[in-house]
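What follows is calculated from the coordinates using simple rules that are stated; it is not laboratory data. All values derive from a computational prediction rather than experimental measurement. Methodologically, a virtual Cβ is constructed for each residue, glycine included, from the backbone with ideal geometry; neighbour enumeration extends over all protein chains shown.
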Amino acid sequence: MTRQRRSFWMLAAALALLCALAAARTARAADHVIQISVDGLSGILLQALVENDAVGDFASFARFVNEGASTYNARADYTHTITLPNHTSMITGRPVSQPTGQPNTVHHGWTSNSDPGPGVTLHNGGNPNLSYVASVFDVAHDRGLSTGFYASKSKLVLFDQSYDAAHGAADVTGPNDGTDKIDRYLNASAASMHSAFLTEMAASHFDYVFIHYSTPDDVGHANGWGSAAWNDAVRTIDDDLADIFALIESDPLLDGHTVVILSADHGGTGTGHSTATAAANYTVPFLVWGDGVQPGADLYALNAGARADPGSGRPSYTAAVQPIRNSDGVNLALAALALPPVPGSSINAAQSLVPFTRGLCGNAALESGELCDDGNTTGGDCCGATCQYEAQASVCSDGNACTVSTCNGSGTCDAGPPVICSNGLYCDGAESCNPASGCVAGAPPSLDDGLVCTADSCDELLDQVVHAPNAGVCDDADACTADVCDAVLGCAHATIPQCAQQVPLLPPLGHCVLILLLSGAAPVARRRAGAAGQVTRPGL
């Protein structure tokens, strides 16, 4: 190969790589997602602090509202407003307890709020009907993305134990990235954890990271929610958020390529938060900021029809239209990374919560806020009516009506097992499948064997056509023939041997008299002699 041709092919390969990288970049809203949980951050109290802030004490929270999409009126889990159960929902997309009328495999079942013992995991300590509870870390890690978890409460070690090398599931997606799903786990005081995160994020640029700040909850239990000390704790969190904004905006690899999602596990009132029916406990903020996010948008208005503002209410998981929940964040984070939802999740499993500036769905161009755009706004093809991926395992069509196909959660329709067309009945014929139109009715078996002496029918129990012989219709009125119904020949008449000798014909009486006269025999005379009625014969 000449140097000129070699240079050409090297240039072509480089351009192809750049195009591939550009296509991959276009297909996702962000390259990095930072998901933040502020423990005990009441949506009601936060709204009052931000809206009445005259000196900029809560300017970072205000940035979420002004530059991103937000609501102060999201919901915690329906049955539990405590830390560990809600954080489990926030990384798995599952409710804590089994919702009414739903299968017993929907919820994660972790209800304890204490530090787990060694070796205790979500898989062996939660819902006994689940052998493994997948998380956001499984989905991101198994697709080659880097992950981190920074916590400031010791009880959150539950997640490191659940997804470490000993307890994480095998990676069956693409290259094997191992069973340890969290690349970096740190559990320390809030201040130490925050400092370590800033340093390590700047160096490692995690694709997905979850950060937990405990301070408002700690202070709320000690001094009360809404107290001056609690307000100061929230002010400290605002300073931490300012550090994160500065980190993103000063790093070219993060600036314009990062989405930040912030919510809380619960609110609080007095010095507690365990009553799940109290609005002060179940009302939490849900704030989104970053690359492609609709600035200044109300999340409920932006997602009208997909989410409903509950006012002060507490809708259950069976409500027709759900409120925004703290656990919506996990599958939103994955959607921002152009990844499918957490396997087994039910909260935002369709990834229908969209905070991004929306393009024109259905124009076959992938635009901001879209995960896919196949040129239509019709569901059932794995790219939904709002240009988001349809849920994994939802039914779709791969163009072959003879396969049962399902979406893989990433916009692709995967062919499944063949369609079973048979209705299990023999007598209406064997059904078949046409790839274009689907199941085709079978042709019933022919019953008529062409013989007049058989009763033709189809027996479902025997799975066969039956021809029952009936010799009665074969009678030829001849006493000297045996009439039968032959399965091949039909009616048959076999002559009975010596039938003529065995069956004499008796002549009429007149003929008998004539015979006697011709033979010379004297006719019998009847005479009266003696007693009346006595008969005598001549010659006797």
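Values as computed for the structure displayed
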{"quantity": "Ranked 162, 131, criterion: other C-beta atoms within 10 Å, fewest first", "calculated": "131, 162"}
{"quantity": "Kirkwood-type radius of the chain, with distances r between different C-alpha atoms, in Å", "calculated": "29.2"}
{"quantity": "Cα long-axis angle, helix 228-249 against the chain (0 to 90 degrees, to the nearest 10)", "calculated": "80"}
{"quantity": "Evaluated at q = 0.06, 0.08, 0.11, 0.13 Å⁻¹: base-10 log I(q)/I(0), Debye formula over Cα of region 24-336", "calculated": "-0.18, -0.32, -0.63, -0.91"}
{"quantity": "Given charges at beta-carbon only (K, R positive; D, E negative), |dipole| of the chain in Debye", "calculated": "1860"}
{"quantity": "Extreme residue, positive dipole direction of region 358-444, given options 427, 388, 413 (C-beta unit charges)", "calculated": "427"}
{"quantity": "Span per principal axis, largest first, for the Cα atoms of region 358-444 (Å)", "calculated": "57, 20, 13"}
{"quantity": "Local electrostatic count, residue 167, Cβ distance below 10 Å [Lys/Arg +1, Asp/Glu -1]", "calculated": "-2"}
{"quantity": "Under 5 Å, built H, 5+ apart or other chain: amide partners of residue 440", "calculated": "432, 433, 434"}
{"quantity": "Residue 200/residue 441 FRET efficiency (R0 56 Å; Cβ-Cβ; nearest 0.05)", "calculated": "0.30"}
{"quantity": "Degrees between helix 190-204 axis and first principal axis of the chain (Cα, 0 to 90, nearest 10)", "calculated": "80"}
{"quantity": "Coordinate range along principal axes, alpha carbons of region 46-159, Å, largest first", "calculated": "51, 36, 27"}
{"quantity": "Percent of Cα pairs exceeding the 24 Å cut-off, where the set is region 371-510", "calculated": "63"}
{"quantity": "Sequence of 314, 307, 235 once ranked by neighbouring C-beta atoms within 10 Å, starting from the fewest", "calculated": "235, 314, 307"}
{"quantity": "Spin-label model distance (nm) - residue 486 vs residue 461, 7 Å beyond Cα toward Cβ", "calculated": "3.1"}
{"quantity": "Projected-area mean, region 319-369, by convex hull of Cα positions, square nanometres", "calculated": "4.3"}
{"quantity": "Ratio of the Cα radius of gyration of region 101-252 to 2.2 N^0.38 Å, where N counts its residues", "calculated": "1.18"}
{"quantity": "Ranked list, fewest to most other Cβ atoms within 10 Å of each Cβ, for 160, 232", "calculated": "232, 160"}
{"quantity": "Quarter of Cα convex hull surface for region 199-260, i.e. mean projection, nm²", "calculated": "4.7"}
